[in-house]
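Just so it is clear, none of the values below were taken in a lab; they were calculated from the coordinates. Treat the numbers as computed from the prediction; the structure is a model and nothing was measured. Don't worry about glycine lacking a Cβ; one is built from the backbone with ideal geometry, like all the others, and counts go over all protein chains shown.
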């Protein structure tokens, strides 16, 4: 059975993410059709789109695709998406600039799909949640390194998973993990000052690129 993962949470662009993420609950988000020539290949596509307050979408663009055919399939699907309408207010704009990553995975186990979903949820958490996690961690384990904190350990695991699946080689994976660990004190500092920001947005650019996050 061929599986296709589609993130249900929109990772919106920086200028609107904190203020108003459109609700995915109740949205109509048909999955892309798996390109027949790539039935045995995994892939990822990141798209951008405008979501209007009537629930319609426009200006769908492929920002990045591991294969061109995956990009075409993702764009066709995203153009059919419809969201729950909302009332325009000072905090709810008429148009939201959003981004979403679609993950194509042939014949993966349910454990793999669950891991990908957990990673997406972890990366999109607010800094307020991470701030609370850091305070609790420091009170319980004052001498342990930040890299052992659950969220940061899971981010490292996400990079390592790409090595296991063949998406990148072990040397690149080790370098990315080193860059992540080196940046953790700065990530904590920035998160503390911006509790409504998305954790993944504050990661090093190279790590964000590897994890298909907005750069």
Residue tally, condition under 16 Å from residue 29 (Cβ atoms) and touching a helix residue (DSSP H, G or I) at 6+ places or on another chain (Cβ under 8 Å), over segment 45-78: 5
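Let's see how each residue does on (1) under 29 Å from residue 168 (Cα atoms); (2) without any contact (Cβ under 8 Å) to a residue 60 or more places away in the chain:
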| site | (1), (2) |
| --- | --- |
| 41 | yes, no |
| 52 | no, yes |
| 55 | no, yes |
| 59 | no, yes |
| 65 | yes, yes |
| 70 | yes, yes |
| 75 | yes, yes |
| 85 | no, yes |
| 92 | no, no |
Which numbered condition trips up residue 102, out of (1) surrounded by 14 or more Cβ atoms within 10 Å (Cβ to Cβ); (2) more than 18 Å from the chain's Cα centre (by Cα); (3) in contact (Cβ under 8 Å) with a residue 24 or more places away in the chain? (2)
For residues in segment 187-215 being without any contact (Cβ under 8 Å) to a residue 12 or more places away in the chain and assigned to a helix (DSSP H, G or I), which is surrounded by the most Cβ atoms within 10 Å (Cβ to Cβ)? 208
Confirm whether residue 205 is farther than 30 Å from residue 30 by Cβ and under 16 Å from the mean Cα position of the chain (by Cα). yes
